[in-house]
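Below is one structure, written out as structure tokens, with a few remarks after it.
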Amino acid sequence: MRRPGVLLILIAVVVAAFAFWLRDRGTGVDADGTSSTTSLESSSSTTSTTSTTILAPPPSPVCAMYEGVALTGSVASIDLIEASGLAKSRTTRDVLWSHNDSRGGPLLYAMTSAGDDLGTFEIPGTFALDWEDIAIGPSSDGSGSFIYVADIGDNLGIRGGIVNLWRVEDADPATLGTVFNDAVPISLEMPGGPYDAEAILIDPIDPAVYLITKSRDEALVFKGPLEPAAEPHEMTLVTTLFLGAEVSGADISPDGQVIALRGYRSVWMWARSPGQSIGDALNADPCTAPSPDERQGESIALDADWSYFTISEGANSPISYVESGR
């Protein structure tokens, strides 16, 4: 009577081991650090979570990761003809967000990395005076994923240093209809203004907005809070950059380790050490990464593996992609 009992135990152990083996084969980790299954249903889904895996520190110099520039497609929307800002969604796979500069209404354009049109969406209750950049990051308490649109351009020097951000949810375009659910205003003041500016980034580690002014001689970097406000928060000057060219766009990686600024003919990069502020990171000398040959490149968007996309202003603009090699 003992042999059948032992045999049954052995069979149960084998079945359990086989079940664990099947489960492990069906689960993996995406490039953005989120878990996924290999079923047909999950592989066709476009939605991912906002969690981000912290990658190993970038090499020194950080630009050593990058080589050539590739094209992934071109902008299909006939209405996005002055793409001044670009951001990579952190909640929905293969979605880029952009907007026009001083043309058109308060609209955001969603597209795939190939340029396929995913829709045009109004930000309610806003006015597009001179939208110059767009960034994605958390709210002031570090939670969620939001799109921040920067109404910061001031070619004529009429703002007196006061600029505005509009915050909307980083939502799947397929769930939006034609209008974002709501828009949260954030008003900011740069002391000593007015300044013309075209670049912002949102720190995902110590949530704050960083605004970089546009000047060939010197680029001032201001830091401001992300708390909603109709009255201006005063920003703080954290550092001054001497790049020899105008800054037309900016972004930071979702894990906060790589900072990128771009000009019309240059892409500058910095690596950020653990515990280091963005101001301290920018005080180091930047390296120069590959810059796409664009007619008027004003936008850059980093993804979760530190690769980046750029788009120029102009109709049916090509979408450039520089892979990090991670």
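No lab work stands behind these numbers, since they all come straight from the coordinates. No experiment lies behind these values; they were computed from the predicted model shown. Cβ placement follows ideal geometry from the backbone for every residue including glycine, while neighbour counts extend to all protein chains displayed.
Once the convex hull of all Cα atoms in segment 53-132 is built, its volume per residue stands at 140 Å³. Which residues does a label at ALA229 reach in segment 174-208, if reach means a backbone N under 11 Å from a point 7 Å past the Cα toward the Cβ? Residues 186-190 fall inside that zone. For segment 93-250, the convex hull drawn through the C-alpha positions has a volume of 120 cubic angstrom per residue. Rounded to the nearest 20, the Cβ-based charge dipole of segment 57-322 about its Cα centre (Lys and Arg +1, Asp and Glu -1) stands at 340 debye.
Counted residue by residue at 0.36 nm each, then reduced by the alpha carbon distance between them, the extension gain from ARG326 to GLU218 reaches 35.6 nm. Here the spin labels are modelled as points 7 Å beyond Cα on the Cα-Cβ line, and at THR178 and ALA245 they lie 4.0 nm apart.
Segment 100-154 to segment 234-260: how many Å between their Cα centroids? Each part reduced to its Cα centre gives a spacing of 19 Å. Computed packing ranks the peptides 222-234, 108-120, 251-263, 159-171 as 251-263, 159-171, 108-120, 222-234, most packed first, by mean other Cβ atoms within 10 Å. Charge tally around GLU189: other residues with Cβ under 13 Å, Lys/Arg +1 each, Asp/Glu -1 each, net -1. Taking other residues whose beta carbon is less than 10 angstrom from the beta carbon of TRP306, and scoring Lys, Arg as +1 and Asp, Glu as -1, yields -3. Each peptide among 81-88, 287-294 gets the average number of other Cβ atoms lying within 10 Å of its residues, and from highest to lowest they stand as 81-88, 287-294.
Between segment 163-189 and segment 209-231, how many Å separate their Cα centres? When both Cα centres are located, 19 Å separates them. Taking a sphere under 9 Å around the Cβ of SER291 and counting the other residues whose Cβ falls inside, with K and R at +1 and D and E at -1, yields a net charge of 0.
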